[in-house]
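Working notes, structure below.
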Amino acid sequence: MTQSSFPVSAEFVAAANTTPAQYIKDYQRSIASPKANDDFWAERAELIDWIKKPTVISNVNYDLDDFRIKWFEDGELNISVNCIDRHLKDNPYKPAIIWEGDHPSLHKTLSFTELHAEVCRLGNAMRKLGVSKGDRVTLYMPMIPEAMIAMLACARIGAVHSVVFGGFSAESLGNRIIDSQSKLVITADEGVRSNKHTPLKANVDRALDMDGTQCVEKVIVVHRTGNSIPMSGRRDVWYHSVVAGESAECEPEVMNAEDPLFLLYTSGSTGKPKGVLHTTGGYITYALSTFRDAFDIKDDDVYWCSADIGWITGHTYSTYAPLANGTTTVMFEGAPDYPTWARVGHIIDKHKVSVVYTAPTAIRSMMKEGDAFVRESDRSSLRLLATVGEPINPEAWDWYYEVVGGGKCPIVDTWWQTETGGILIAPIPGTVALKPSCAMTPLYGIMPEIVDSDGEVLEGLAEGNLVIRGGWPGQMRTIYKDHERFLQTYFTEYPGYYFTGDGAQRDEDGHYWITGRVDDVLNVAGHRLGTAELESAIDSHPATVEAAVVGMPHEIRGVGIAAFVILKSGETKDEQIKEELNRHVRREIGPIANLDAIYIVDGLPKTRSGKIMRRILRSLAAGQYVGLGDLSTLADSSVINKIIEVLRAED
Ligand code: PRX
């Protein structure tokens with residue numbers, strides 16, 4: 001925990017949406033009692049256009065015998081109406097989406113009126129293809145406006161979208177389609193990033209060859225690059241053909257507040273990725289409300305969140321929250337290094353971006369290339385910078401603050417998760433001096449606690465596991481088709497609390513510092529990967545007997561992946577097998593699962609009951625060969641020295 005703090009400039013504070021004293025007053029009021037908490041959320045629900053206004057606010061009980069999470073349960077609304085239609089009267093021509101293509105010559109702006117027409121056309125087309133309320137639709141899309149249009153069109157007709165990140169493999173896509181039993185898939189011929197093409201449609205074809213995907217009746221394909229792709233006669237239809245001739249009006253489905261809005265698969269510490277389910281009324285109230293608070297949003301902001309729509313940040317803070325608020329959202333198809341590392345600055349200048357929300361990994365990779373690229377732009381439009389997804393180290397914070405923001409923009413470090421739906425901890429800008437790498441203060445209505453391993457709540461200065469007392473409208477409702485796993489993962493270890501899976505420290509000012517995952521989930525470049533998932537991908541290679549995966553420090557991506565692998569006897573322990581294993585894992589999971597280090601070993605450190613002691617492997621992978629702690633429970637301690645020999649040979 002560093003002691004330095006950066007006061008927000010007087011100019012920013014003067015124009016901020018709230019004041020330090022007001023934040024404390026409002027926060028205290030929002031958590032004063034269950035009734036006060038309900039009153040607070042009832043007020044925030046006023047930001048939403050309801051078809052039927054809710055009279056019940058929260059109905060949350062974490063007691064496993066009588067477990068329930070419901071928000072605004074008698075309310076009715078449609079999220080696409082909140083994101084689009086309600087802005088048409090006052091702001092019909094305001095840009096809703098500014099799309100910046102991979103190549104700098106490509107850009108497109110959709111006003112709220114245009115977005116409305118596009119969403120309605122696709123909604124009508126989907127209905128004609130037989131999709132109705134409650135049906136699941138998988139989206140496997142590049143960062144093009146049609147991706148947001150498809151999400152909103154699902155919301156309009158009450159279909160439940162399941163967006164699968166375009167960097168996941170055909171296999172991962174297929175597994176998610178099988179779990180969600182989607183009726184429809186929407187994709188593109190190819191994705192484009194840094195002038196490289198990803199074969200999205202070909203991956204869909206391979207995924208749909210998998211057993212269990214017979215649920216998919218149609219595939220809608222957006223024409224992005226025009227390169228030739230096979231279209232299967234009965235199943236595949238072009239996006240432009242199905243929307244052509246459709247009406248620009250589409251009756252929105254009346255949704256109950258607790259009707260599902262989307263599924264989003266995320267990795268856990270065990271087993272296969274889980275389908276996190278979010279519902280309608282609570283999610284959009286929380287998204288909109290936290291968006292305004294955390295980013296100090298003004299009517300004329302041009303807001304750019306760099307997250308891919310395949311992640312929760314791309315759902316909540318690229319799409320739903322800005323659009324529900326009537327804010328212009330910038331969507332970028334490409335990568336920060338194309339055509340050069342000056343691209344981010346050029347996009348900021350070109351579209352007069354005022355708020356940027358990105359991940360520390362992106363900041364570190366730009367920082368490594370030097371300041372000159374950033375200084376090619378003037379970035380005078382910027383007023384606020386934000387980060388998400390992983391801890392930001394002080395050096396990257398300083399660079400973001402001084403070089404990108406020119407020392408005038410507060411940095412909002414936002415802590416949250418796929419499960420939480422929206423930000424839970426972040427400094428509300430202008431209310432507090434910022435501490436680099438610290439997520440700072442809870443947002444309104446949120447009650448974080450730190451508990452020790454016995455579940456004892458720690459007061460004041462503390463370090464332990466981060467849990468949340470009580471509920472909030474944006475929280476997940478279940479794991480799709482696996483409510484038991486939901487209860488087990490989040491509500492069993494510390495009864496009465498939501499367990500985040502993260503560790504945290506609270507300093508003498510009551511500010512929260514996130515220390516990282518305390519379970520077997522790796523946070524690689526801000527993306528979650530389960531060690532179990534990675535290990536089973538390695539184990540599925542015919543040359544392997546067993547593998548153990550741990551995180552290791554990585555200069556750019558924060559956490560890298562280290563794999564300790566035992567090969568079958570007779571296999572050659574050379575570079576070739578390592579490359580082959582890496583290719584295999586990338587093929588199984590997707591390119592985000594890149595193994596940074598592979599160590600071929602003869603044995604793994606296991607307890608007498610056969611459990612792998614990852615703690616030891618984590619130390620070894622970080623280059624710490626001595627002071628490995630208590631080794632008395634190891635079945636065979638000689639494996640440690642043998643592993644150290646392998647590591648030394650690689651140094
Ligand atoms: O470990 C925390 C880390 O990312 C995890 C959640 O990952 P995911 O569900 O993919 O959502 C990422 C985007 C919200 C958390 O359990 N994390 C997220 N934000 C921060 C963070 N770690 C430190 N600081 C943050 N600001």
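How many residues are open to solvent by 50 Å² or more (accessible area, probe 1.4 Å) and not in a loop (DSSP other than H, G, I, E, B) if we restrict to the stretch 395-407? Don't jump to the end; show me each part of the working.
Taking the stretch 395-407 first, the residues open to solvent by 50 Å² or more (accessible area, probe 1.4 Å) are 395, 398, 402, 406.
Imposing the further condition that a residue be not in a loop (DSSP other than H, G, I, E, B) reduces the set to 395, 398, 402.
Total meeting the criteria: 3.
Selection of the stretch 516-565 for residues being more than 18 Å from the chain's Cα centre (by Cα), surrounded by fewer than 17 Cβ atoms within 10 Å (Cβ to Cβ), of a type outside the set (A, V, I, L, M) and within 30 Å of residue 439 (Cβ to Cβ) yields 553, 555.
Count of the stretch 344-359 residues, restricted to those that are open to solvent by 10 Å² or more (accessible area, probe 1.4 Å) and over 25 Å from residue 422 (Cβ atoms), is 4. Within the stretch 326-342, the set of residues being touching a helix residue (DSSP H, G or I) at 6+ places or on another chain (Cβ under 6 Å) and touching a residue at least 40 places away in the same chain (Cβ under 8 Å) comprises 326, 329, 330. Against the criterion of being of a type in the set (Val, Ile, Thr), within 14 Å of the ligand (Cβ to nearest atom) and farther than 17 Å from residue 414 by Cβ, residue 302 does not qualify. Checking each residue in the stretch 312-334 for being touching an Asp or Glu at 6+ places or on another chain (Cβ under 8 Å), away from the ligand (no atom under 16 Å from the Cβ) and not in a strand (DSSP E or B) picks out 326, 327, 333, 334. Taking the numbered list (1) within 18 Å of the chain's Cα centre (by Cα); (2) at pLDDT below 95 in turn, residue 270 passes all entries but (1).
Annotation note: of 183, 196, 218, the sole residue that is closer than 29 Å to residue 339 by Cβ and of a type in the set (Lys, Arg) is 196.
Output the strands (runs of 3 or more DSSP E) that fall wholly within the stretch 143-250 and possess 1 or more residues being without any contact (Cβ under 8 Å) to a residue 12 or more places away in the chain and open to solvent by 40 Å² or more (accessible area, probe 1.4 Å), or say none.
Values: elements: 160-163, 184-188, 191-193, 196-198, 218-222, 236-238.
Counting at least 1 such residues, we get 196-198.
Filtering the stretch 25-40 down to residues that are hydrophobic (A, V, I, L, M, F, W, C) and more than 16 Å from residue 290 (Cα to Cα), which residue is surrounded by the fewest Cβ atoms within 10 Å (Cβ to Cβ)?
We begin by selecting, within the stretch 25-40, every residue hydrophobic (A, V, I, L, M, F, W, C); these are 31-32, 36, 40.
Those still in the list that are more than 16 Å from residue 290 (Cα to Cα) too: 32, 36.
Working: 32: 12, 36: 14.
Ranking the qualifying residues of the stretch 25-40, first place goes to 32.
State all residues of the stretch 113-142 that are assigned to a helix (DSSP H, G or I) and either within 19 Å of residue 278 (Cβ to Cβ) or among the hydrophobic types (A, V, I, L, M, F, W, C) (or both); if no residue qualifies, say none. Listed by number, the residues that qualify are 115, 117, 119, 120, 122, 125, 126.
Which members of the stretch 45-58 meet the condition of being touching an Asp or Glu at 6+ places or on another chain (Cβ under 6 Å) and surrounded by 14 or more Cβ atoms within 10 Å (Cβ to Cβ)?
Just the residues of the stretch 45-58 that are touching an Asp or Glu at 6+ places or on another chain (Cβ under 6 Å), to begin with: 51-52, 54-58.
Result: 54, 56, 57, 58.
Counting the residues of the stretch 251-278 that are in a loop (DSSP other than H, G, I, E, B) and closer than 21 Å to residue 122 by Cβ gives 5. Only residues that are touching a residue at least 12 places away in the same chain (Cβ under 8 Å) and open to solvent by 40 Å² or more (accessible area, probe 1.4 Å) were counted in the stretch 626-636, giving 5. Across the stretch 125-142, the number of residues qualifying as buried (at least 24 other Cβ atoms within 10 Å of the Cβ), hydroxyl-bearing (Ser, Thr, Tyr) and closer than 17 Å to residue 251 by Cβ comes to 0.
Restricting attention to the stretch 83-95 and to residues that are over 18 Å from residue 48 (Cα atoms) and touching a residue at least 40 places away in the same chain (Cβ under 8 Å), the residue that is farthest from the chain's Cα centre (by Cα) turns out to be 94. Of the listed requirements (1) surrounded by 15 or more Cβ atoms within 10 Å (Cβ to Cβ); (2) part of a loop (DSSP other than H, G, I, E, B); (3) not hydroxyl-bearing (Ser, Thr, Tyr), residue 304 misses just one: (2).
Hey, among 379, 364, which residue is among the basic types (Lys, Arg) and either touching a strand residue (DSSP E or B) at 6+ places or on another chain (Cβ under 6 Å) or not in a helix (DSSP H, G or I) (or both)? Let's see the steps before the verdict.
Values: 364 fails: either touching a strand residue (DSSP E or B) at 6+ places or on another chain (Cβ under 6 Å) or not in a helix (DSSP H, G or I) (or both).
Residue meeting the stated conditions: 379.
Give me a count of the residues in the stretch 418-449 that are of a type outside the set (Ser, Thr, Tyr), in a loop (DSSP other than H, G, I, E, B) and open to solvent by 10 Å² or more (accessible area, probe 1.4 Å). So the answer is 3.
From the residues in the stretch 566-621 that are in contact (Cβ under 8 Å) with a residue 60 or more places away in the chain and open to solvent by 90 Å² or more (accessible area, probe 1.4 Å), which one is farthest from the chain's Cα centre (by Cα)? Filtering the stretch 566-621 for residues that are in contact (Cβ under 8 Å) with a residue 60 or more places away in the chain and open to solvent by 90 Å² or more (accessible area, probe 1.4 Å), the one farthest from the chain's Cα centre (by Cα) comes out as 618.
Do we have residue 467 as farther than 29 Å from residue 24 by Cα, open to solvent by less than 40 Å² (accessible area, probe 1.4 Å) and of a type in the set (Val, Ile, Thr) here? If you could, list the steps in order and put the result at the bottom.
Numbers: farther than 29 Å from residue 24 by Cα: no; open to solvent by less than 40 Å² (accessible area, probe 1.4 Å): yes; of a type in the set (Val, Ile, Thr): yes.
Against the criterion (farther than 29 Å from residue 24 by Cα, open to solvent by less than 40 Å² (accessible area, probe 1.4 Å) and of a type in the set (Val, Ile, Thr)), residue 467 does not qualify.
Are any of the residues in the stretch 453-471 part of a loop (DSSP other than H, G, I, E, B) and within 12 Å of the ligand (Cβ to nearest atom)? Let's see the steps before the verdict.
Filtering the stretch 453-471 for residues part of a loop (DSSP other than H, G, I, E, B) gives 453-456, 459-461, 470-471.
Next cut, within 12 Å of the ligand (Cβ to nearest atom) only: none.
Looking for residues that are part of a loop (DSSP other than H, G, I, E, B) and within 12 Å of the ligand (Cβ to nearest atom), one finds none in the stretch 453-471, hence no.
Scan the stretch 475-482 and give yes if some residue there is in contact (Cβ under 8 Å) with a residue 40 or more places away in the chain, surrounded by 15 or more Cβ atoms within 10 Å (Cβ to Cβ) and farther than 25 Å from residue 180 by Cβ, otherwise no. Scanning the stretch 475-482, I find no residue that is in contact (Cβ under 8 Å) with a residue 40 or more places away in the chain, surrounded by 15 or more Cβ atoms within 10 Å (Cβ to Cβ) and farther than 25 Å from residue 180 by Cβ, so the answer is no.
Just one of the listed residues (409, 438) is in contact with a Phe, Trp or Tyr (Cβ under 6 Å, 6 or more places away or on another chain) and farther than 27 Å from residue 38 by Cα, namely 438.
Condition test on residue 309, is it assigned to a loop (DSSP other than H, G, I, E, B) and open to solvent by less than 10 Å² (accessible area, probe 1.4 Å)?
Numbers: assigned to a loop (DSSP other than H, G, I, E, B): yes; open to solvent by less than 10 Å² (accessible area, probe 1.4 Å): yes.
For residue 309, the condition - assigned to a loop (DSSP other than H, G, I, E, B) and open to solvent by less than 10 Å² (accessible area, probe 1.4 Å) - is met.
For (1) within 14 Å of the ligand (Cβ to nearest atom); (2) part of a loop (DSSP other than H, G, I, E, B); (3) of a type in the set (Phe, Trp, Tyr), each residue gets a yes or a no:
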{"site": "484", "(1), (2), (3)": "no, no, no"}
{"site": "487", "(1), (2), (3)": "no, no, no"}
{"site": "501", "(1), (2), (3)": "yes, no, no"}
{"site": "504", "(1), (2), (3)": "yes, no, no"}
{"site": "513", "(1), (2), (3)": "yes, no, yes"}
{"site": "519", "(1), (2), (3)": "yes, yes, no"}
{"site": "523", "(1), (2), (3)": "yes, no, no"}
{"site": "528", "(1), (2), (3)": "yes, no, no"}
{"site": "534", "(1), (2), (3)": "no, no, no"}
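Of all the residues in the stretch 77-86, those that are farther than 14 Å from residue 47 by Cα and open to solvent by 10 Å² or more (accessible area, probe 1.4 Å) number 1.
Give 427, 448 a once-over and let me know the one that is over 21 Å from residue 501 (Cβ atoms) and within 15 Å of the ligand (Cβ to nearest atom). If you could, list the steps in order and put the result at the bottom.
Details: 448 fails: over 21 Å from residue 501 (Cβ atoms).
Of 427, 448, the one residue that is over 21 Å from residue 501 (Cβ atoms) and within 15 Å of the ligand (Cβ to nearest atom) is 427.
The values are calculated or read from the model by the stated rules, or taken from the named source; none is laboratory data. Just so we're clear, the structure is a prediction, and the values are computed from it rather than from any experiment. Note that each Cβ is placed from the backbone with ideal geometry, even for glycine, and that neighbours are counted across all protein chains shown. All accessible areas refer to the heavy atoms of the entire protein, side chains included, with ligands and DNA or RNA removed. Shrake-Rupley method; radii C 1.70, N 1.55, O 1.52, S 1.80 Å.
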